[in-house]
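The values are calculated or read from the model by the stated rules, or taken from the named source; none is laboratory data. Predicted model, so just to flag it, every value in this text is computed and none were measured. Cβ atoms come from the backbone with ideal geometry, glycine included; neighbour counts cover every protein chain shown. SASA here: full protein model, heavy atoms, side chains in, ligands and nucleic acids out. Shrake-Rupley method; radii C 1.70, N 1.55, O 1.52, S 1.80 Å.
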Amino acid sequence: MTDKTATLGVDGNNHVFPILEGSVGPEVVDIRKFYAETGMFTYDPGFTSTGSCRSAITYIDGEKGILLHRGYPIDQLAEQSSFMEVAYLLLHGELPKKDELDKFVYTISRHTMVHEQLATFYRGFRRDAHPMAIMCGVVGALSAFYHDSTDITDPEQRMIASHRLIAKMPTIAAMAYKYSIGQPFLYPDNSLSYTGNFLRMTFGVPAEPYRVNPIVENAMRRIFILHADHEQNASTSTVRLAGSSGANPFACIASGIACLWGPAHGGANEAALNMLREIGRPERIPEYIARAKDKDDPFRLMGFGHRVYKNFDPRAKVMKETAEEVLKELGVNDPVFDVARELEQIALNDEYFIEKKLYPNVDFYSGIILSAIGFPTDMFTALFALARTVGWVAQWNEMISDPEQKIGRPRQLYVGSPQREYVPVGQRG
Ligand code: CMC
């Protein structure tokens, strides 16, 4: 807490607002009484200066390129921890002790199967449906199957729903892929790791045993950790907003998936690889750089720029290293990686990108790794959703337990017509 205040003078009257202090990061002006005090609203489309909640989960310093989960730097987690440890950390606030981790892994693995009836949902989709379209529908439909974990006032039910979502997401995503290629669904194998099980359900077939490649398993572990949470981004804020009305967790996560799909957010990994493939060879890069800089061209360099990072996205660094490793170890020689490296160098030395502080973000290199592993581009965002589910449920739980939580209900600057009289259709001029 701080005694500091901010004073706003309006028409000769001074209004005083408290300043709140977090553990690190910028202080915030508490404007909850702003309307009552001044009769005015504040205006901040895109929430560029507005904090929507208190949170103790993730901290980002965009100027320095720092990302911490519960205080732990992302590169240390990506290097040393398992995805289950990170999930536990985000949900519970501390790294688990050995017995806590064992119990958590056991619990998650006991929830990996989906209701058998859920498989029939897939058959209602076209085979060429985008996996994110399927994910929105199927995850939303979970609320019709798991009534016993939809009472959001019961902390135990909330935790069961969270475990179910974390556990079932790989099964649901893998089924979306299998459906698209016309192969049978595979049941989970709980003897494998979270990522190993997902790889098997995606790339295995019932006719043969599947051997999990440890290099690929490790790459997926890192990718999942790097996507696990990112404080109040658009999809997380969507989950919180949906949840603020008391909606059940499955419906809330489905809303997060819908938001994530957009190319300015999670859809950028798919868009970035498509862009790199379209560029095709380093000689064509200047043409695309020129387009990105052209105000009259809506084209943007996908995988570049970030609302918060005005420095290197720390996730992009780890992602680039992982891409180098995976391509080398799998013996994949993808020319798109040369295009990406060259494009990154050219953009980082270009005045436009320097001045606007545009750096590669997490999505710039992730597609190259996923493609090398064998995922089609339209699965990329589904994998992002799978990993981000951990952050979404952690943030949703935090919101529900916050005594200051209220239904999210923004105000507006109304610019439409003032009140006027209805004119019957025959009398309209
Ligand atoms: N290429 C070219 N110019 C860009 C780019 C880009 N990728 N990103 C931002 N700019 C320019 C933009 O035109 C604007 O210029 P000006 O000030 O002259 O109008 C300036 O930089 C600031 O951009 P903004 O759109 O006002 O910034 P924002 O914070 O609203 O948007 C962003 C952030 C991530 C949506 C944007 O940088 C973008 O569209 N990037 C490409 C899509 C992308 O890679 N998204 C993934 C984000 S990270 C993972 C995730 O969130 O899921």
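General observations
- Region 342-415 - Rg over Rh from alpha carbon coordinates, Kirkwood radius: 1.17
- In the context of the full set of protein chains, region 317-429 has a per residue accessible area of 53 Å² (1.4 Å probe).
- For peptides 407-420, 277-290, sequence by mean Cβ density within 10 Å, most packed first: 277-290, 407-420
- Packing rank of 255-262, 136-143, where each peptide gets the mean count of other beta carbons within 10 Å, highest leading: 255-262, 136-143
- Value of D in µm² per second that Stokes-Einstein yields for region 11-73, Kirkwood Rh from Cα pairs, at 10 °C (1.306 mPa s): 113
- Expressed as a whole percent, the accessible area of the chain that falls on carbon and sulfur atoms is 52 (1.4 Å probe).
- Rounded to the nearest 20 debye, the dipole size of the chain about its Cα centre is 900 debye, using +1 on the Cβ of Lys and Arg and -1 on the Cβ of Asp and Glu.
- Radius 14 Å from Cβ of Trp261, net charge of other residues (Lys, Arg +1; Asp, Glu -1): -2
- Accessible solvent surface per residue of region 228-306, calculated while the other protein chains remain in place, 1.4 angstrom probe, Å²: 41
- Per-peptide packing, taken as the mean over residues of other Cβ atoms within 10 Å, places 226-234, 49-57 in the sequence 226-234, 49-57 from highest down.
- Rounded if a/c under 1.5, otherwise prolate or oblate - region 208-298, Cα gyration tensor axes: oblate
- Solvent-accessible surface of region 1-137, averaged per residue with a 1.4 angstrom probe and all protein chains in place: 63 square angstrom.
- Computed magnitude of the charge dipole of region 67-112 (debye, nearest 20; Cβ of K, R +1, Cβ of D, E -1): 180
- Cα gyration tensor shape for region 105-167, rounded if a/c is under 1.5, else prolate or oblate: prolate
- Whether region 1-117 is rounded, prolate or oblate, judged on the alpha carbon gyration tensor where a/c under 1.5 counts as rounded: prolate
- Of all lysines in the structure, those lying under 30 Å Cα to Cα from Lys98, and not within fewer than 8 positions of it along the same chain, are Lys168, Lys317.
- Quotient of C-alpha Rg and 2.2 N^0.38 Å, computed over region 147-234: 1.27
- The ellipsoid that matches the Cα gyration tensor of the chain has semi-axes, each √(5λ) in whole angstrom, of 36, 29, 24, with the longest given first.
- Kyte-Doolittle mean at least -1.0, axial Cα span of 27 Å or more - DSSP H helices of the chain: 155-181, 380-401
- Note on Ala144 and Glu21: the extension gain reaches 40.1 nm, defined as 0.36 nm multiplied by sequence separation minus the Cα-Cα distance.
- For region 258-400, the fraction of C-alpha pairs more than 20 angstrom apart is 48%.
- Amide H contacts of His15 (H built 1.01 Å from N, in plane; Pro and chain starts excluded): Leu8, Gly9, Val10 sit under 5 Å, all sequence-distant by 5 or more or on other chains.
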